[in-house]
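Student: The structure's right below; bear with me while I get my questions together.
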Amino acid sequence: MKSTNHCVGRQFLIAVLVAGFAAASGFAQIKRVLPFDILDQIQNKKASVTVVPSTGADSTKPFDGNPFTEFALHTADSLVVTLAFDTLVSVEKSKVFLWNGGVWSLEGADSLADLVQKKGSYALISDNRPYSFFVWDSVIFAKKQVRCLRLRARNTTGLGVYLGEWMLEGTVTYTRFVIYPSPLTIVPGASMLLTIKVEDDRGKVSPNFLTEPLDYGSANPSIAGVSPDGTLTGVAVGSTTITVRTDGGELSGAAPVSVVQDFRGVKVPPMTIKVAVLYEDPVLASSANRIHEEFHWRDPRILTASLVKHFREATDSVLNFQIVEVVEGTRLFTKYKGTYLTVDQFVTLLKEPGWPTLRAASDSGQLAFDYRECVKYYSFDTKRNNGQIDEVWVWAAPYLAMYESQLMGPNAFWWNSPPIKDGTALTKLLSVMGLNYERGVDQAFHSFGHRTESAIVQAYHNALGKPWNPKSTTPTPWDLFTRVEKDMPGLAHVGNIHFPPNGVKDYDYGNQTLVRSYAENWYRYPYLFNMSQQVNVSTWYYTPGEPLAEGLDHLGYLRWWYGHLPRYVGVTDGVLNNWWHYVVDFEAAEALAKSTSVSYPIPVNTGKPEGFRLEQNYPNPFNPSTTIELDLAVRSPMTVEVFNVLGQRIRTLAEGTFDAGTYRLSFDGNGLSSGLYYYRLTTPGWVQTRTMAMVK
């Protein structure tokens with residue numbers, strides 16, 4: 001390997017810039033007394049709670065932020081709640097809200113053993129403090145570092161202890177700014193607004209709560225510049241460092257930035273979704289035809305294959321529906337005036353010109369599809385529970401009263417239809433699609449679109465507590481994705497299922513008006529630049545060059561819409577960068593988002609020069625050392641750096657001008673914690689980053 005000693009000068013210059021910047025702030029910190037998010041700690045298995053006596057009730061209710069959802073103990077006069085954290089926590093205030101009068105005590109210790117035996121690190125913080133019902137009571141004390149805390153509450157007038165809320169507060173020390181997206185990557189001529197967050201001394205990153213102006217800087221504005229409002233602009237291919245600090249110098253932060261020719265997000269591995277398909281298309285005894293043949297409608301079996309194909313193509317092979325069970329239904333689950341329709345009755349009604357009976361029954365609510373009975377009859381609930389299937393598609397004739405999509409299970413929510421939470425053996429969510437074989441594949445594709453909207457709306461509601469509002473002045477990524485010209489002139493992105501970016505009415509897929517759209521930025525999500533282009537029906541038309549036809553514009557738009565939906569690795573604002581995961585398995589997506597530490601995907605550069613190569617490190621995972629191999633096609637300047645998941649550079653492995661050839665670089669992780677790290681090769685006109693994992 002070539003020596004890098006001759007490159008010390010450039011490294012020293014950057015170090016001086018960053019160190020000088022930190023020195024100017026005096027390494028100042030900001031301290032705030034804030035409540036602990038105990039529920040989050042419990043849900044992420046960083047804390048546990050035990051209650052004595054145990055009642056089987058939800059022991060997390062005292063930590064849900066709502067004092068009027070109580071943990072109730074009806075038959076005793078005393079309650080003991082013990083919190084155990086997996087690390088030391090700093091506590092200096094405790095608050096309780098009970099629904100009965102009495103006294104409460106608070107104890108703490110570094111270990112459960114000390115707490116139980118009342119020795120060593122044990123401390124009695126508050127003893128038999130009186131409290132009143134439905135009134136907050138608090139105690140402030142000298143800061144204590146503890147792992148275990150125990151609350152004792154006693155009703156002094158009779159039986160019954162009702163704990164509405166228990167809160168802990170402590171000093172949080174904020175140590176630096178963190179700049180997102182991370183790693184910072186941009187293309188020449190593009191701009192994006194940076195997001196600034198704050199990191200505390202526990203390593204937790206939170207939204208920036210400061211209201212004072214921030215000062216930004218660039219170590220090399222000829223590579224990338226940053227404006228006073230925090231807008232980063234790529235100027236020329238290369239690398240530099242961006243800095244940010246408060247105007248008063250309380251906090252500062254820095255991050256490397258790469259300017260590359262272009263890049264794309266890193267796709268998640270292909271997802272296989274196991275589907276059970278029910279065809280409510282029985283053979284009629286009177287004619288030996290199936291229902292679809294009797295009325296000259298489409299064959300649902302062909303439509304199924306077409307749907308699978310379109311989803312695979314539209315999502316770049318990320319979404320792969322696999323038909324694992326086919327049921328040729330011989331009965332109907334639709335009730336007419338409270339009684340299940342027979343096949344013969346239904347066909348008789350279908351043969352009425354204009355379907356007057358069916359239309360009237362539908363309008364008056366006398367038709368209803370029995371989802372519970374259908375799912376139980378074919379054991380779809382138990383098959384979902386044990387992993388045999390992931391979802392159900394039901395192909396039915398018109399007026400069999402199905403919703404386009406229905407979500408079932410204990411935690412079900414709006415899925416373009418009211419949820420069904422009970423009445424089956426389901427322990428997981430189950431999506432049941434209601435598809436109509438009177439219509440074409442574009443209409444079936446459309447039904448999945450509303451299901452998709454429901455899933456992403458719920459994901460952002462859960463993560464950020466925000467409703468769907470494309471007109472919002474503080475939009476979520478989903479709000480941005482669904483913006484249309486009609487509502488936000490000049491700011492359209494991809495649109496929604498009914499309105500393309502240039503749409504002025506429902507289903508306006510054939511609109512030929514050109515409008516400005518930021519749609520193509522979604523291929524780089526979550527890096528959303530100021531780059532736009534003109535779009536209209538010719539942008540998404542399914543068969544370019546063919547005459548405009550209703551159906552092809554619809555299908556083409558939906559393929560285009562699905563194709564822009566993020567399907568990338570990483571997490572942004574608590575939501576996976578792969579939105580498809582929420583569509584096909586919402587509960588698993590929520591769990592993955594909480595356990596994923598990588599905030600942003602590592603971009604894949606699309607401008608790699610021929611003969612330049614950065615290999616995956618080996619071994620991987622590693623402990624504590626690994627080897628990184630790369631090829632240079634020609635003599636070239638080169639930098640190889642290692643970053644942590646926050647985008648902080650922790651090591652420079654090589655820097656300088658190197659001859660053409662193969663290089664093997666060693667990385668020693670001694671002193672570093674287990675987790676994900678990134679290594680990046682930077683050359684003129686090309687930057688590539690890979691991920692590696694250290695496991696101790």
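The values are calculated or read from the model by the stated rules, or taken from the named source; none is laboratory data. Just so you know, these numbers come straight off a predicted model, no measurement behind them. No Cβ is skipped: glycine too gets one built from the backbone with ideal geometry, and neighbour counts run over all protein chains shown. These area figures cover heavy atoms from the full protein model, side chains too; ligands, DNA and RNA do not enter into them. Shrake-Rupley method; radii C 1.70, N 1.55, O 1.52, S 1.80 Å.
Student: Across region 665-688, what is the number of residues that are more than 14 Å from residue 240 (Cα to Cα), modelled with pLDDT of 85 or more and outside any loop (DSSP other than H, G, I, E, B)?
Tutor: So the count comes out to 5.
Every residue, every condition in (1) crowded, with 16+ Cβ neighbours inside 10 Å; (2) out of contact with any strand residue (DSSP E or B) (no Cβ under 6 Å at 6 or more places or on another chain); (3) part of a loop (DSSP other than H, G, I, E, B), yes or no:
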residue	(1), (2), (3)
348	no, yes, no
374	yes, yes, no
381	yes, yes, no
387	no, yes, yes
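Student: Moving on. Does any residue in region 678-696 that is within 16 Å of residue 656 (Cβ to Cβ) come within less than 8 Å, Cβ to Cβ, of a residue that is at pLDDT 85 or above and outside any strand (DSSP E or B) six or more places away or on a different chain, and which pairs are these?
Tutor: 684/237
Student: Now for a separate question. As an exercise: evaluate residue 577 against (1) more than 29 Å from residue 694 (Cβ to Cβ); (2) outside any helix (DSSP H, G or I); (3) modelled with pLDDT of 85 or more and give the number of the one condition it does not meet.
Tutor: (1)
Student: While we're here: (1) open to solvent by 60 Å² or more (accessible area, probe 1.4 Å); (2) touching a residue at least 24 places away in the same chain (Cβ under 8 Å): which one isn't true of residue 199, the others all being true?
Tutor: Looking at each condition in turn, residue 199 falls short on (1).
Yes/no matrix, rows are residues, columns are (1) among the polar types (S, T, N, Q); (2) open to solvent by less than 50 Å² (accessible area, probe 1.4 Å); (3) free of Cβ contacts under 8 Å to residues at least 40 places away in the same chain; (4) farther than 30 Å from residue 569 by Cβ:
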position: 231; (1), (2), (3), (4): yes, yes, no, no
position: 236; (1), (2), (3), (4): no, yes, no, no
position: 242; (1), (2), (3), (4): no, yes, no, no
position: 247; (1), (2), (3), (4): no, no, yes, yes
position: 250; (1), (2), (3), (4): no, no, no, yes
position: 262; (1), (2), (3), (4): no, yes, no, no
position: 265; (1), (2), (3), (4): no, yes, no, no
position: 273; (1), (2), (3), (4): no, yes, no, no
position: 278; (1), (2), (3), (4): no, yes, no, yes
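Student: Still on this structure, I have one more. Out of region 500-521, which residues are out of contact with any Asp or Glu (no Cβ under 6 Å at 6 or more places or on another chain), outside any loop (DSSP other than H, G, I, E, B) and under 18 Å from residue 556 (Cα atoms)?
Tutor: Answer for region 500-521, where residues must be out of contact with any Asp or Glu (no Cβ under 6 Å at 6 or more places or on another chain), outside any loop (DSSP other than H, G, I, E, B) and under 18 Å from residue 556 (Cα atoms): 517, 519, 520.
Student: Looking only at region 210-222, which residues are touching a residue at least 40 places away in the same chain (Cβ under 8 Å) and either of a type in the set (A, V, I, L, M, F, W, C) or open to solvent by 40 Å² or more (accessible area, probe 1.4 Å) (or both)? Spell out how you get there, then give the answer.
Tutor: The initial filter retains those residues of region 210-222 that are touching a residue at least 40 places away in the same chain (Cβ under 8 Å), namely 210, 217, 219.
Once the filter is applied, which keeps residues that are touching a residue at least 40 places away in the same chain (Cβ under 8 Å) and either of a type in the set (A, V, I, L, M, F, W, C) or open to solvent by 40 Å² or more (accessible area, probe 1.4 Å) (or both), region 210-222 yields 210, 219.
Student: Do we have residue 421 as within 14 Å of residue 587 (Cα to Cα) and of a type in the set (Lys, Arg) here?
Tutor: no
Table: residues versus (1) among the hydrophobic types (A, V, I, L, M, F, W, C); (2) within 26 Å of residue 591 (Cα to Cα); (3) open to solvent by 50 Å² or more (accessible area, probe 1.4 Å).
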{"residue": "48", "(1), (2), (3)": "no, yes, yes"}
{"residue": "56", "(1), (2), (3)": "no, yes, yes"}
{"residue": "74", "(1), (2), (3)": "no, no, yes"}
{"residue": "88", "(1), (2), (3)": "yes, yes, yes"}
{"residue": "103", "(1), (2), (3)": "yes, no, no"}
{"residue": "117", "(1), (2), (3)": "no, no, yes"}
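Student: Keeping to region 39-83, report how many residues are assigned to a loop (DSSP other than H, G, I, E, B), closer than 26 Å to residue 595 by Cβ, in contact with a Leu (Cβ under 9 Å, 6 or more places away or on another chain) and not β-branched (Val, Ile, Thr).
Tutor: So the count comes out to 2.
Student: Check whether at least one residue in region 100-114 is in contact (Cβ under 8 Å) with a residue 60 or more places away in the chain, within 30 Å of residue 527 (Cα to Cα) and outside any strand (DSSP E or B), and report yes or no.
Tutor: No, every residue in region 100-114 fails to be in contact (Cβ under 8 Å) with a residue 60 or more places away in the chain, within 30 Å of residue 527 (Cα to Cα) and outside any strand (DSSP E or B).
Student: For the subset of region 287-302 comprising residues that are in a loop (DSSP other than H, G, I, E, B) and either under 30 Å from residue 186 (Cα atoms) or free of Cβ contacts under 8 Å to residues at least 24 places away in the same chain (or both), which member is farthest from the chain's Cα centre (by Cα)?
Tutor: The extreme case among them is 287.
Student: Does residue 257 fit the bill of being under 15 Å from residue 687 (Cβ atoms), open to solvent by less than 20 Å² (accessible area, probe 1.4 Å) and either part of a strand (DSSP E or B) or of a type outside the set (Gly, Ala, Ser) (or both)?
Tutor: Against the criterion (under 15 Å from residue 687 (Cβ atoms), open to solvent by less than 20 Å² (accessible area, probe 1.4 Å) and either part of a strand (DSSP E or B) or of a type outside the set (Gly, Ala, Ser) (or both)), residue 257 qualifies.
Student: Consider residue 464 carefully, then state whether it is buried (at least 19 other Cβ atoms within 10 Å of the Cβ) and not basic (Lys, Arg).
Tutor: So residue 464 fails the test.
Student: Collect the residues in region 218-237 that are in a strand (DSSP E or B) and either among the hydroxyl-bearing types (Ser, Thr, Tyr) or more than 11 Å from residue 186 (Cβ to Cβ) (or both), keeping them in residue-number order. Break it down stepwise before answering.
Tutor: Restricting attention to region 218-237, the residues satisfying the condition of being in a strand (DSSP E or B) are 218, 224-226, 231-234.
Within region 218-237, 218, 231, 233 qualify.
Student: Okay, moving on. What is the residue count in region 292-318 for residues that are under 19 Å from residue 443 (Cα atoms) and surrounded by 15 or more Cβ atoms within 10 Å (Cβ to Cβ)?
Tutor: Number satisfying all stated conditions: 17.
Student: Further question: Of all residues in region 408-438 being under 12 Å from residue 454 (Cα atoms) and more than 22 Å from the chain's Cα centre (by Cα), which is least open to solvent (accessible area, probe 1.4 Å)?
Tutor: Looking at the filtered set, the residue picked out is 417.
Student: Of all residues in region 327-346 being of a type outside the set (D, E, K, R) and assigned to a helix (DSSP H, G or I), which is surrounded by the most Cβ atoms within 10 Å (Cβ to Cβ)? Walk me through how you get there before you give the answer.
Tutor: So the first thing to find is which residues in region 327-346 are of a type outside the set (D, E, K, R), and the list is 327, 329-330, 332-334, 336, 338-343, 345-346.
Those still in the list that are assigned to a helix (DSSP H, G or I) too: 343, 345-346.
Details: 343: 17, 345: 13, 346: 21.
Residue satisfying both the conditions and the ranking: 346.
Student: Test of understanding: among 451, 439, which residue is part of a loop (DSSP other than H, G, I, E, B), more than 28 Å from residue 207 (Cα to Cα), of a type outside the set (Gly, Ala, Ser) and in contact (Cβ under 8 Å) with a residue 60 or more places away in the chain?
Tutor: 439
Student: For residue 82, are the conditions met, namely being over 27 Å from the mean Cα position of the chain (by Cα), under 30 Å from residue 590 (Cβ atoms) and open to solvent by less than 30 Å² (accessible area, probe 1.4 Å)? Spell out how you get there, then give the answer.
Tutor: Numbers: over 27 Å from the mean Cα position of the chain (by Cα): yes; under 30 Å from residue 590 (Cβ atoms): yes; open to solvent by less than 30 Å² (accessible area, probe 1.4 Å): yes.
Answer is yes for this residue.
Student: Picking from 157, 171, 175, 185, which residue would you name as being in a strand (DSSP E or B), over 27 Å from residue 41 (Cβ atoms) and of a type in the set (Val, Ile, Thr)?
Tutor: 185
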